[in-house]
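**Student:** Quick one: structure below, then a few questions.
The values are calculated or read from the model by the stated rules, or taken from the named source; none is laboratory data. Small disclaimer: the values here were computed from a predicted structure and weren't measured. Methodologically, a virtual Cβ is constructed for each residue, glycine included, from the backbone with ideal geometry; neighbour enumeration extends over all protein chains shown.
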Amino acid sequence: MDIYEKQMTGIYKKSDYPDYKIPSGCAVFGILNQSGATFSGSDIIEGIAMMHDRANGLGGGFAAYGIYPDYKNDRAFHVIFDDINSKKQAEEIFKNYYKILYYEEIPTRQTLNISNAPLIYRYFVKLKEGSAADGFISVNPAKNRFGSDFSEENFTADFVMKVNSDVSGTYIISSGKDMGIFKGVGFPEDIGEFFRLDEYKAYLWTSHGRFPTNSPGWWGGAHPFGLLGWSVVHNGEISSYGRNQRFVDSFGYKCSLSVDTEVITYLFDLLVRKNNISIEIVSLILASPLWEQIERMPEADRQLAKTLRILFGGALINGPFSIIVGHNDFMYALNDRVKLRPMVAARKDDFLYVSSEESAIRKVCVSPDRVWHPEGGMPVIGFVKNSGSKNNNRQGSISDNILKGAI
Amino acid sequence: MKKIYIKEEYCIGCRLCEIYCQVKHSKSKKILKAFREEQDIISRVLVEEIGHNSFAIQCRHCVDAPCVDACISGAMTKNENTGVVNCDENKCVGCWSCIMVCPYGVIKRDISAKRAASKCDFCEDEKIPVCVKNCPNEALKFSDTDDSDSNAENYTDADNNPGADSDNYNEVDAE
Amino acid sequence: MALKLRQSEFEIKRDEGKCIHCEVCVRQCSNDSHEFDEDAKIVSSDDANCVGCHRCEALCPTGAIKITAKEPEFKSNYNWSASHIKNIYKQADSGGVILTGMGSDKPHTIYWDHLLFNAAQVTNPSIDPLREPMEVKTFIGGKPDKVDIVKKDGNFKLKTKISPHLELSTPIMFSAMSYGSISLNACKSLASAAASFGTYYNTGEGGLHKDLYKYAENTIVQVASGRFGVDIDYLSRAAAIEIKIGQGAKPGIGGHLPGEKVTKDISSTRMIPEGTDAISPAPHHDIYSIEDLAQLIAALKEATDYTKPVGVKVSAVHNIAPIASGIVRAGADYIAIDGFRGGTGAAPQAIRDNVGIPIELALAAVDQRLREEGIRHRASIIVAGSVRSSSDVIKAIALGADAVYIGTAALIALGCHLCQKCYTGKCNWGIATQDPYLTKRLNPEIGSKRLAGLLRAWSLEIKEMLGGAGINAIESLRGNKEHIRGLDLNDRELKILGIKHAGEAW
């Protein structure tokens, strides 16, 4: 599409968008090939299309991992711009800190039901040597309780949040390596068609169809939400949002994208990456077992579960939710502890499927080896073998008692 | 066996137990009518007071009741089944022997009718005796069990209660 | 010769048609307002000393007595109210400080009544607490800056050492009320109810009486400026230690126990002479600055081997935010803030009614400041100062508190009628007195049941409201201001409280 033409269409800018939160009702679906073998996006599109009625056409999106083999070790920023001026301004800022290896507009095809798209570009970048917070990013030292180690990841996370909240008209919607988020206003199958996702190959796909209870508009408000390598799709409403948002804020995470799901992304980054809590036990914090369940656990488990719950009350996510979290090394799915939203999981050979409805799984995989409904608070985790990650060496452990074969 | 236990540490000396006992044993059974129109209704329960110590005491329905032994006309009898020591006022001749031998001093003279009166009868037709029910501070407690001593409550003995006879105050009767 | 106006505020109305002259009221009134005339054999009343405690009214078997408030005797004057005029008469007569009891009764804004709670609908299901799990268990204590979890032999283990915590079955505790200001029976009621319900009570600055030793696990002991009763046994017995810097009813001055209430038992528990006024010093004479407080906290922790939480209680004053920040940095495991409406057994009326700020504003300011400084996790916040109902509790938690202390509410459950005459020691309900004739009136068995009943009722109501908002664990409500909206508040107040106005969405 012509850039000039894009500018003339009345796209909904974030600044026109009211500054309140929109709860999400919806559909989620994720497919992982645990051997790391990549496959086309047509499966994920077929699956999410099966759940068409769970969405209302006001938001759809995908996250894909393993799609940029040529730039495997560099950051890929997917960015939405309100207009050409925002793009120019943003590029100047990017160049101050990152070396832009390559950039282009994300290729799209004309799709009947998708219109008024903003400018959507991708940049493959590398952090410049000696990049430092020179005032553009000033992290309140009081919020930096994990020490002031400079790392590319910490810097990039702060950078992305700063751009999203303070640089007008620019929204970095994904900032991982060898992964990307594609989303917008429309039914997810149309969004998938629009972004030509059938042409991409990834080993992990997640997707989301949205049913927001608010006026239409902003492309950045669709799911998934991403920070660094994390992507989150979410069906539910977070009644503890105020608490969670203040909790992550005290560690320097700014929520600025008008959707409560954003805070879940930051909770994962905070707990798993920064605080080094293994992904296997983070459900003890995010969807803590009930006190009466904790009392019945064996001694060692009980100490751990009780202490984590006491210390991290601010990270407990209350309210109904089904989430699928994507990461370069695993796919992670979780329900709230009293299971107020649906979630089904299935396996066939190397494939792991997680979905709001079984129909979506059956559409893509006619006869899975195993289908099950995870309990509330019990995660489903699929690790990518040979990913070299520390999360990979899992033996029979305390987590088996807690997770009861979720992996 | 019915028993009323006394908790003198909670008695506030208000004498509401006496008032309600009087109403219960009046002719009209209505508080205003009883106090206005009837004369000298005698309360079966009496509040003893010294300084700030007080407690309400009524007939203890002793296992080995001295008043039954002393009664010359056979008006005082002990019902073997319920354990209640009762006075048949029609048989009473007013000799006051029971009053003299009662170790607790809970029998009173009904001067006008010239006979002994005011034997506590546990308010026969009430589920809980009215003195217990109306005590505002639960200083009286009632129990009605078959085995007499196993649920006996511990309460303070005469050390804390200068108004009583020291030896006989303990309610728990040996069987 | 001095002219004295009869200054009673209450009128005793006796219905002659119902009075049976049984003398119960005569016996029950400690202010000698009723009298039995032996000759005429009738009971008569004199309003002069009536304090409006309603004891006689409650116990009258025929309901013949009614205590009503009397109209003020002066020509109506908005500026010179009756209370101002009477106070001047009293002070001209006596040259003394006017004392009063309980919390401030002035008509300032009550912010709890301007806050509205949320409920979940359509997009989020509300939860039914009678059928679904609903958790209100609360922990008080400081959290570490960072948590280290290691995996060894396939097991996850928490490496970081966690400081001691109190475990509460409900976010409500009994506020500090000293043995001395209240009777031993009242203390026993509080301790027993706390033990049976699974929460804590506070000894206040009266020391710990030996009859209460059996409730040690549920006792928070106070180290106040007078250091009454403080020795190593006192500290070792406690579940937690609280340094009392101030209380909401009288910021800036120390506790005050009038001599009338210092009996033999009090004298031995507090270690002071019988019959003398026990006036605690205004400051702790070893805490003149924040570093001195840090030293005392460290000393108390050292003395108890770091096994008990050590907290600090302060009044809500103008600079409460930086004060709280200092306290947290000094190492306190919790900070208890007492708002200006807090109760007391005795305080100068001028200070009770004019010094301090409302707890709602103090709480919002402290929570905000601690979060800005990145230290909110290091200490829990407990609030007090007129928490009157379960809805006040839930609003306090939504504004950022971890738990609340209730004082006046607990005494009302025991029978208090808020006549504000606690300092006389003649409490007819047996609560704020040491007169053995009066203290008998509070039966601790009954008192304990009533307090436990109060806690149970409020906990159920809290669960209902939580469930209504779609939350099933109370930690998700703490500081969650999205669930509170203001009503009839100006912009400034909304900003200080950190909430939106009713009608505004997310």
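**Student:** Only one of these conditions is not met by residue C:171: (1) more than 30 Å from residue A:250 (Cβ to Cβ); (2) assigned by TED's automatic domain parsing to the domain that holds residue C:305. Which number is it?
**Tutor:** Only one criterion in (1) more than 30 Å from residue A:250 (Cβ to Cβ); (2) assigned by TED's automatic domain parsing to the domain that holds residue C:305 is unmet by residue C:171, namely (1).
**Student:** Out of (1) part of a strand (DSSP E or B); (2) farther than 30 Å from residue B:35 by Cα, the odd one out for residue C:91 is which?
**Tutor:** Status for residue C:91: all satisfied but (1).
**Student:** If I filter the range C:432-453 down to residues being charged (D, E, K, R) and surrounded by 20 or more Cβ atoms within 10 Å (Cβ to Cβ), which single residue comes out as nearest to residue C:212 (Cα to Cα)?
**Tutor:** Ranking the candidates gives C:440 first.
**Student:** Sort through C:291, C:302, C:242 and tell me the only one that's over 21 Å from residue C:199 (Cα atoms), touching a residue at least 24 places away in the same chain (Cβ under 8 Å) and not in a loop (DSSP other than H, G, I, E, B).
**Tutor:** The conditions single out C:291.
**Student:** Given C:152, C:161, C:137, C:157, which one is surrounded by 14 or more Cβ atoms within 10 Å (Cβ to Cβ) and out of contact with any Phe, Trp or Tyr (no Cβ under 8 Å at 6 or more places or on another chain)?
**Tutor:** Going through C:152, C:161, C:137, C:157 in turn, just one is surrounded by 14 or more Cβ atoms within 10 Å (Cβ to Cβ) and out of contact with any Phe, Trp or Tyr (no Cβ under 8 Å at 6 or more places or on another chain): C:157.
**Student:** List pairs: first residue in the range B:95-116 and free of Cβ contacts under 8 Å to residues at least 24 places away in the same chain and under 16 Å from residue B:74 (Cβ atoms), second residue among the hydroxyl-bearing types (Ser, Thr, Tyr) and surrounded by fewer than 19 Cβ atoms within 10 Å (Cβ to Cβ) anywhere in the structure, Cβ distance under 8 angstrom, at least six positions apart or on different chains.
**Tutor:** Between residues of the range B:95-116 that are free of Cβ contacts under 8 Å to residues at least 24 places away in the same chain and under 16 Å from residue B:74 (Cβ atoms) and residues that are among the hydroxyl-bearing types (Ser, Thr, Tyr) and surrounded by fewer than 19 Cβ atoms within 10 Å (Cβ to Cβ), the close pairs are B:95/B:73.
**Student:** Another question about this same structure. Could you tell me which residue of the range C:31-51 is nearest to the other protein chains (Cβ to nearest Cβ), considering only residues that are surrounded by fewer than 21 Cβ atoms within 10 Å (Cβ to Cβ) and assigned to a loop (DSSP other than H, G, I, E, B)?
**Tutor:** For the range C:31-51, the residue satisfying everything is C:41.
**Student:** Working carefully through the options C:469, C:473, C:505, find the one that is of a type outside the set (S, T, N, Q), within 21 Å of residue C:123 (Cβ to Cβ), within 12 Å of another protein chain (Cβ to nearest Cβ) and in contact with a helix residue (DSSP H, G or I) (Cβ under 6 Å, 6 or more places away or on another chain).
**Tutor:** Going through C:469, C:473, C:505 in turn, just one is of a type outside the set (S, T, N, Q), within 21 Å of residue C:123 (Cβ to Cβ), within 12 Å of another protein chain (Cβ to nearest Cβ) and in contact with a helix residue (DSSP H, G or I) (Cβ under 6 Å, 6 or more places away or on another chain): C:469.
**Student:** Is it the case, given these coordinates, that residue C:485 is farther than 28 Å from residue C:187 by Cα and either over 26 Å from the mean Cα position of the chain (by Cα) or not hydroxyl-bearing (Ser, Thr, Tyr) (or both)?
**Tutor:** Yes, satisfied.
**Student:** On the given criteria, is residue C:97 among the β-branched types (Val, Ile, Thr), in contact with a Pro (Cβ under 7 Å, 6 or more places away or on another chain), more than 12 Å from every other protein chain (Cβ to nearest Cβ) and not in a helix (DSSP H, G or I)?
**Tutor:** Yes: the conditions hold for residue C:97.
**Student:** Can you find, within the range B:19-45, the residue that is farthest from the other protein chains (Cβ to nearest Cβ) among those that are in contact with a helix residue (DSSP H, G or I) (Cβ under 8 Å, 6 or more places away or on another chain) and within 13 Å of residue B:120 (Cα to Cα)?
**Tutor:** My answer is B:44.
**Student:** Now a separate question. If only one of A:234, A:223 is more than 14 Å from chain C (Cβ to nearest Cβ), in contact with a strand residue (DSSP E or B) (Cβ under 6 Å, 6 or more places away or on another chain), within 30 Å of residue A:83 (Cβ to Cβ) and not aliphatic (A, V, I, L, M), which one is it?
**Tutor:** Selected residue: A:223, the only one of A:234, A:223 that is more than 14 Å from chain C (Cβ to nearest Cβ), in contact with a strand residue (DSSP E or B) (Cβ under 6 Å, 6 or more places away or on another chain), within 30 Å of residue A:83 (Cβ to Cβ) and not aliphatic (A, V, I, L, M).
**Student:** Now, a different point. Would you point out the residue of the range A:318-341, among those that are part of a loop (DSSP other than H, G, I, E, B) and more than 22 Å from residue C:476 (Cβ to Cβ), that is nearest to the other protein chains (Cβ to nearest Cβ)?
**Tutor:** A:329
**Student:** So residue C:455 clears everything in (1) within 14 Å of another protein chain (Cβ to nearest Cβ); (2) touching a residue at least 12 places away in the same chain (Cβ under 8 Å); (3) in contact with a Ser or Thr (Cβ under 9 Å, 6 or more places away or on another chain) except one condition, right? Which one?
**Tutor:** The failed condition is (1).
**Student:** Turning to a different aspect of this structure: Looking at B:48, B:80, can you tell me which residue is away from chain C (no Cβ under 12 Å), at pLDDT 90 or above and not in a helix (DSSP H, G or I)?
**Tutor:** After applying the criteria, what remains is B:48.
**Student:** Does the range A:109-131 hold any residues that are hydroxyl-bearing (Ser, Thr, Tyr) and in contact (Cβ under 8 Å) with a residue 40 or more places away in the chain, and which are they?
**Tutor:** If the condition is that a residue be hydroxyl-bearing (Ser, Thr, Tyr) and in contact (Cβ under 8 Å) with a residue 40 or more places away in the chain, then A:111, A:115, A:121, A:123 are the ones that fit.
**Student:** For residues that are over 17 Å from residue B:129 (Cβ atoms) and free of Cβ contacts under 8 Å to residues at least 12 places away in the same chain, scanning just the range B:53-81, find the one that is surrounded by the most Cβ atoms within 10 Å (Cβ to Cβ).
**Tutor:** Looking at the filtered set, the residue picked out is B:77.
**Student:** Is one or more of the residues making up the range C:69-83 aliphatic (A, V, I, L, M) and either within 14 Å of another protein chain (Cβ to nearest Cβ) or touching a residue at least 12 places away in the same chain (Cβ under 8 Å) (or both)?
**Tutor:** Within the range C:69-83, one or more residues are aliphatic (A, V, I, L, M) and either within 14 Å of another protein chain (Cβ to nearest Cβ) or touching a residue at least 12 places away in the same chain (Cβ under 8 Å) (or both).
**Student:** What is the number of the single condition among (1) in contact (Cβ under 8 Å) with a residue 24 or more places away in the chain; (2) surrounded by fewer than 24 Cβ atoms within 10 Å (Cβ to Cβ) that residue C:190 does not meet?
**Tutor:** Condition (2) is where residue C:190 drops out.
**Student:** Mind listing whichever residues of the range C:116-167 are more than 27 Å from residue C:389 (Cβ to Cβ), among the aliphatic types (A, V, I, L, M) and more than 8 Å from chain A (Cβ to nearest Cβ)?
**Tutor:** C:150
**Student:** Report yes if some residue within the range A:255-262 is surrounded by fewer than 24 Cβ atoms within 10 Å (Cβ to Cβ), over 26 Å from residue C:122 (Cβ atoms) and either within 11 Å of chain C (Cβ to nearest Cβ) or in contact with a Gly (Cβ under 8 Å, 6 or more places away or on another chain) (or both); otherwise report no.
**Tutor:** No, because not a single residue in the range A:255-262 is surrounded by fewer than 24 Cβ atoms within 10 Å (Cβ to Cβ), over 26 Å from residue C:122 (Cβ atoms) and either within 11 Å of chain C (Cβ to nearest Cβ) or in contact with a Gly (Cβ under 8 Å, 6 or more places away or on another chain) (or both).
**Student:** Further question on the same structure: Among the numbered conditions (1) assigned to a loop (DSSP other than H, G, I, E, B); (2) among the aliphatic types (A, V, I, L, M); (3) over 24 Å from residue C:27 (Cα atoms), tell me where residue B:41 comes up short.
**Tutor:** Every listed condition holds for residue B:41 apart from (3).
**Student:** Do we have residue B:112 as within 14 Å of chain C (Cβ to nearest Cβ), assigned to a loop (DSSP other than H, G, I, E, B) and either over 12 Å from the mean Cα position of the chain (by Cα) or not β-branched (Val, Ile, Thr) (or both) here?
**Tutor:** Criteria not met by residue B:112.
**Student:** When residues of the range C:213-239 are filtered for being in a helix (DSSP H, G or I) and surrounded by 22 or more Cβ atoms within 10 Å (Cβ to Cβ), how many remain?
**Tutor:** Here the count works out to 2.
**Student:** With the checklist (1) farther than 25 Å from residue C:312 by Cα; (2) more than 10 Å from chain A (Cβ to nearest Cβ); (3) over 23 Å from the mean Cα position of the chain (by Cα) in hand, flag the one item residue C:106 doesn't pass.
**Tutor:** With respect to (1) farther than 25 Å from residue C:312 by Cα; (2) more than 10 Å from chain A (Cβ to nearest Cβ); (3) over 23 Å from the mean Cα position of the chain (by Cα), residue C:106 is out only on (3).
**Student:** Looking at the range A:266-276, is at least one residue in contact with a Ser or Thr (Cβ under 7 Å, 6 or more places away or on another chain) and either buried (at least 23 other Cβ atoms within 10 Å of the Cβ) or modelled with pLDDT of 90 or more (or both)?
**Tutor:** No, the range A:266-276 contains no residue that is in contact with a Ser or Thr (Cβ under 7 Å, 6 or more places away or on another chain) and either buried (at least 23 other Cβ atoms within 10 Å of the Cβ) or modelled with pLDDT of 90 or more (or both).
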